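As structure tokens, the structure follows; a few thoughts come after it.
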Ligand SMILES: Cc1cc2nc3c(=O)[nH]c(=O)nc-3n(C[C@H](O)[C@H](O)[C@H](O)COP(=O)(O)O)c2cc1C
């Protein structure tokens, strides 16, 4: 079930139609590579980058732009409130030869909203249209997509209007997180709106929000008729979710990850972080702690390991703590 973001000389086709959601602070190069290697993910997305940072050669932004050929197809997400600057940012994306350029119109964070970027653009659809049109002109070969929410709050659901604007401006696909900006991450995503959006536009619609288990992918596709499914938070605790969902899509059963697979993924992520963040030891240790925390959720005695690694000073100490943990798990299981 391949999905194509078309309408440009360099369309992006991926199969299965499963997309890693952009997550600031999480979907860095190491995480994206890891998911690619586990399999099942169709399109991976980078962390969002500001059009300001992208066009002013900001050092932090340049780090965010790193990617590996192995990640393709790969999407970048840009945000900003000024059409001119967003066009310059889009030109830069075109030069970087990333496969897809996405515009963020869903971020509910106050500092982004106040600058009238992210979900703030759902308050001003004329400005949103101007930004989409300017970015589209600056991307002659790269497919452009837009990610948004239902609207600012429950009194203003204007996602259909925005979806139609996207369609009219030549956007290749839209992704919708079925919550309002005001909801942030509270309550439940209401998938019925994804079905409504799908009925209203003819470009591909990617559904997003509260896909927690592989089975939810099938449920979202069936209930909403959407063309693809985007998964964010669930991939942090279960990075195998894409592979498991891909098996279900192919009509095959899946097995939950074993302890050996968990150990292997922690070690692989460890090595990727060591390779890519060696020049920033503090960032490196924070990342090592964070991801090991996710991958050991729901694992017997996982809290034991999480407590231990919270105060470890070096990657070597971290590595031996992880090895000891899995060895003791093995012995407990054998006893
Ligand atoms: C830590 C974190 C960072 C996020 N960063 C972004 C972002 O940079 N851009 C964006 O469009 N959405 C961002 N999101 C929202 C996700 O892309 C996604 O829409 C949301 O988490 C709902 O999907 P889920 O229920 O599968 O997690 C972020 C979410 C989280 C939890």
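Every number here is computed from the coordinates shown, using simple stated rules; none is lab data. Please read all numbers here as calculations on a predicted model, not as lab measurements. All Cβ positions, even for glycine, are placed from backbone atoms using ideal geometry, and neighbour counts span all protein chains on display.
Points worth noting:
- Considering only the chain, percent of DSSP beta bridges that pair antiparallel, nearest 5: 10
- Crossing angle, helix 29-38 versus the chain [Cα axis fit, 0-90 degrees, rounded to tens]: 70
- Computed over Cα pairs, the Kirkwood radius of the stretch 259-334 leads via Stokes-Einstein (1.306 mPa s, 10 °C) to a diffusion coefficient of 127 µm² per second.
- C-alpha center-to-center spacing [the stretch 305-328, the stretch 1-51] in angstrom: 31
- Residue of 178, 97, 133 that the Gaussian network model of the chain assigns the largest fluctuation, springs spanning Cα pairs under 10 Å: 97
- In the stretch 187-327, the convex hull through the Cα atoms has an average projected area of 10.8 nm², a quarter of its surface area.
- Between helix 125-137 and the chain there is an angle of about 80 degrees, using the helix long axis and the longest principal axis of the Cα atoms.
- Computed [θ] at 222 nm, deg cm²/dmol, the chain (DSSP H ≥ 4; -39,500 (n - 2.57); rounded to nearest 500): -14000 deg cm²/dmol
- The alpha carbon centroids of the stretch 120-136 and the stretch 53-100 are separated by 18 Å.
- In the frame of its principal axes, the stretch 59-168 has Cα extents of 44, 30, 25 Å, reported largest first.
- For q = 0.12, 0.13, 0.15 Å⁻¹, Debye-computed log10 I/I(0) when each Cα of the chain counts as one equal scatterer: -0.84, -0.98, -1.25
- Most fluctuating residue given options 299, 211, 100, as computed from a GNM of the chain linking Cα atoms under 10 Å: 299
- Helix 214-224 vs. the chain, principal-axis angle (Cα, 0 to 90°, nearest 10): 20
- Pairwise Cα inverse-distance average, inverted: Kirkwood Rh of the stretch 95-239 (Å): 15.4
- Sorted largest first, extent of the stretch 206-263 alpha carbons per principal axis (Å): 37, 24, 11
- The stretch 156-257: Rg to Rh, with Rh as the Kirkwood radius over Cα pairs: 1.00
- P(r) histogram, all alpha-carbon pairs of the stretch 32-116 included - 5 Å bins from 0, percent: 3, 14, 25, 23, 18, 11, 5, 1
- Ascending count of other beta-carbon atoms within 10 Å, so fewest first, for 263, 332, 137: 332, 137, 263
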